[in-house]
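Written below as structure tokens is the structure these notes are about.
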Amino acid sequence: MRLTSTGGQAQPVTFAEALQRGIAPDGGLYLPVTLPRFAAPQLEAWRGLSLPALAVRLSEELLDGEFPPSVIADLVSSAIDFPAPTVAVEPGRFVLELFHGPTLAFKDFGARFLARLFGHLLGESGARATILVATSGDTGSAVAQGFFGVPHIRVVVLYPTGKVSPFQRAQMATLGGNITAVSVPGTFDDCQRLVKSAFLDPDLSALGLSSANSINIGRLLPQAFYYLASYLAIVDRVGDPVIFSVPSGNLGNLTAGVLAQRMGLPVERFVAATNVNDVLPEFLATGVYRARAARPTISNAMDVGDPNNFPRLMALHGGDRASLAGNVHGHVIDEAETRATIRETWARSSYLLDPHGAVGYAAGLRQRAASRPGTPIVSLATAHPGKFGGAIREELGFEPQLPDRFRDWAARPLLDVPLAATTYGAFKAFLMERSPAPDGH
Ligand SMILES: *Cc1c(COP(=O)(O)O)cnc(C)c1O
């Protein structure tokens, strides 16, 4: 696969190079120059494959020539080793559950795929890397869990002290090994500033610093796989279009859906479902892109005021707003409607939505009015309701259970390291003192 930058000023690179660089040297985001397009008979032949098996087949097609088939099969099947069922909730209305991975959120798909491929590439080149991540909760947990135990890579996750949930903290801070969680006495923005300064600091070049945020194409690509799997699980006839409603923040998940569409997935329309942080729906309606500070909501992983995958989404539509607006409709769901959707979906169908999934579901309902009758609507559910027990209890009067394997999470010892100050000097000293051991652990 060859990729070029949305900045238009960078040399084309291989998938392996794009994955290791993260961002292109011209500051743009990498996009495939061409994608294979799978016709209906080919898709039909894949019906009945499990998601892990389909992910291996698609990866073989996409990464052909860059990795030997046996390596692809090993890496991809160990990365995507959990299901993503599509559940019928009401007639013609489905939920694609993306929350059955280790951190109970869809970011597990991208983080685990990126981690496995990155570790393999470093093994080939003999290099070592340190991944730096600033997180307000979900990204850091998915990256920490995804990279845990992957050779040649150390991960340093910075999170704001007291501002992530106890469960999210445990998922970053109880691993040990090659994962270090750093608790920063400040805000998420402080964490992000420290990470940015470190990336620009020539004194740290020996650490092989790299990032794993959602602009990395290695996180995006595997998210295209579950759209195809979900489609094949529900349509009567391959070729019939469906609608996908995507709870959106940084627009990585939505962009991955458009990549799947370019590979032949029959989509009538995408719905960009946002909470009141509605930069994309506003742009689709007015043509004005207005970045701004995010407002806090109960679907907080979508509280994004300047979505970082926007340039990719535009580039995929030729830079043309009308073309984007034809393919993607935006719907904004406020807090009251999010809460009402949790209540009403439970009352009507006994189906439990978390706040992010509820935004997607509500936006899908609105889209139905504007669509051809009978077109199935698949709403993506990005987080397990048990992660947002407080909001669910407020609406339904009970707190949902986490899956059994999490029963003892609160008892595991916390290994996070407090940073003394939010100054870059303090963080740099910390990074230099704890430079990676030769085996990368
Ligand atoms: C990150 C996240 C989102 C937003 O996804 P994007 O790819 O950034 O648009 C939605 N829901 C949950 C639970 C998330 O963690």
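Using just the C-alpha positions of region 167-310 as equal point scatterers, what log10 of I(q)/I(0) does the Debye formula give at each q in 0.08, 0.15 1/Å?
Treating every Cα as an identical point scatterer, log10 I(q)/I(0) equals -0.32, -0.98.
Take the alpha-carbon centre of region 144-183, take the same for region 230-253, and report the distance between them in whole Å.
Cα centroid to Cα centroid, the span is 32 Å.
Expressed as a fraction of 2.2 N^0.38 Å, the rule-of-thumb size for a compact globular protein of N residues, what is the C-alpha radius of gyration of region 188-252? Show your work: numbers first, answer last.
Working: Rg = 18.9 Å, N = 65, 2.2 N^0.38 = 10.7 Å.
That ratio works out to 1.75.
Taking the Cα centre of the chain as origin, sum charge times position over the Cβ atoms of Lys and Arg (+1) and Asp and Glu (-1), and report the length of that vector in debye to the nearest 20. Intermediate values should be presented prior to the final figure.
Details: 37 positive and 39 negative charges, 52 e Å.
Approximately 240 debye in magnitude.
Tell me the mean residue ellipticity at 222 nm calculated for the chain from its helices only (DSSP H runs of n ≥ 4, each -39500 (n - 2.57), averaged over every residue, nearest 500).
Working: 17 runs with 186 residues, N = 441.
Helices in the chain give a 222 nm mean residue ellipticity of -12500 deg cm²/dmol.
For region 374-398 and region 13-40, what is the separation of their Cα centres, given in Å?
So the separation of the two Cα centres works out to 33 Å.
What share of the DSSP beta bridges in the chain is antiparallel, in percent to the nearest 5?
On the way: 10 of 46 bridges.
Restricted to the chain, the bridges split so that about 20 percent are antiparallel.
If you average 1/r over every pair of different alpha-carbon atoms in region 254-386 and take one over that average, what Kirkwood value in Å do you get? Numbers along the way, then the final one.
Values: mean 1/r = 0.0647 Å⁻¹.
It works out to 15.4 Å.
Going highest first, how would you order 97-104, 129-136, 9-16, 392-399 by mean Cβ packing within 10 Å?
Working: 97-104: 22.4, 129-136: 24.0, 9-16: 15.9, 392-399: 14.2.
Highest to lowest by the protection proxy: 129-136, 97-104, 9-16, 392-399.
Please report, to one decimal in angstroms, the Kirkwood hydrodynamic radius of the chain built from all distinct Cα-Cα pairs. All intermediate terms of the calculation are to be shown ahead of the outcome.
Numbers: mean 1/r = 0.0453 Å⁻¹.
For the chain, the Kirkwood estimate is 22.1 Å.
Once the Cα gyration tensor of region 1-140 is diagonalised, what are the square roots of 5 times its eigenvalues, in whole Å and ordered largest first, as equivalent ellipsoid semi-axes? Please list the in-between numbers first.
Working: eigenvalues 148, 82, 59 Å².
Equivalent ellipsoid semi-axes, largest first: 27, 20, 17 Å.
Of PRO25, LEU313, ILE215, whose Cα points farthest to the positive end of the dipole of the chain (charges on the beta-carbon: +1 Lys, Arg; -1 Asp, Glu; origin at the Cα centre)?
Of the listed residues, the answer is LEU313.
Once the convex hull of the alpha carbons of region 1-49 is built, what does its volume come to per residue, in cubic angstrom? Provide the component values of the computation, followed by the final result.
Details: hull volume 4.4 nm³, N = 49.
Residue-normalised Cα hull volume stands at 89 Å³.
Using the per-residue mean of other Cβ atoms lying within 10 Å as a proxy for protection, in what order, highest first, do the peptides 265-277, 288-300, 67-79 fall?
On the way: 265-277: 23.4, 288-300: 14.8, 67-79: 17.2.
Sorting 265-277, 288-300, 67-79 by mean packing, highest first, produces 265-277, 67-79, 288-300.
With a cut-off of 8 Å between alpha carbons and a minimum separation of six or more residues, what is the relative contact order of the chain in percent?
Numbers: 863 pairs, mean separation 80.2, N = 441.
Here the relative contact order equals 18 percent.
Considering only protein heavy atoms and a 1.4 Å probe, what is the carbon-and-sulfur percentage of the accessible area of region 24-99? Could the numbers behind the result be given before it?
Details: 1880 of 3260 Å².
Exposed carbon and sulfur together represent 58 percent of the surface.
Could you work out the relative contact order of region 200-257? I mean the mean sequence separation of Cα pairs under 8 Å and 6+ apart, divided by the number of residues, in percent.
Values: 22 pairs, mean separation 24.1, N = 58.
Relative contact order for region 200-257 comes out at 42 percent.
Would you work out which of ALA79, ALA285, ALA181 lies farthest towards the positive end of the dipole of the chain? Charges go on Cβ: Lys and Arg +1, Asp and Glu -1.
Selected residue: ALA285.
How big is region 283-352 on each of its three principal axes, counting only the C-alpha atoms and giving the largest first in Å?
43, 27, 19
Roll a 1.4 angstrom probe over the protein heavy atoms and tell me the percent of accessible area of region 321-441 that is carbon or sulfur. Display every interim value, and only then the final one.
Values: 3250 of 5930 Å².
Carbon with sulfur: 55 percent of the solvent-accessible area.
Grab the Cα-Cα distance for ALA429 and ASP334, subtract it from 0.36 nm times how many residues apart they are, and report the gain in nm with one decimal. All intermediate terms of the calculation are to be shown ahead of the outcome.
On the way: separation 95, 0.36 × 95 = 34.20 nm, distance 4.34 nm.
Going from the current span to full extension adds 29.9 nm.
Could you tell me the distance between the Cα centroids of region 47-88 and region 117-132, to the nearest Å?
If you average the Cα positions of each part, the centres end up 21 Å apart.
Under the definition of Cα pairs under 8 Å and six or more residues apart, what whole-number percent is the relative contact order of region 104-248? Walk me through the numbers on the way to the answer.
Numbers: 210 pairs, mean separation 38.7, N = 145.
Relative contact order, region 104-248: 27 percent.
What does the charge dipole of region 242-397 about its Cα centre add up to, to the nearest 20 debye, if the Cβ of each Lys and Arg holds +1 and the Cβ of each Asp and Glu holds -1?
Working: 15 positive and 13 negative charges, 58 e Å.
Magnitude of the dipole: close to 280 debye.
Among PRO373, PRO418, PHE406, pick out the residue whose Cα is farthest towards the positive end of the charge dipole of region 361-418, where Lys and Arg carry +1 and Asp and Glu carry -1 on C-beta, about the Cα centre.
Towards the positive end, the residue furthest out is PRO373.
The values are calculated or read from the model by the stated rules, or taken from the named source; none is laboratory data. Just so you know, these numbers come straight off a predicted model, no measurement behind them. Backbone-built Cβ (ideal geometry, glycine too); neighbour counts: all protein chains shown. To get the accessible areas, we keep the full protein, side chains included, count just its heavy atoms, and leave off ligands, DNA and RNA. Shrake-Rupley method; radii C 1.70, N 1.55, O 1.52, S 1.80 Å.
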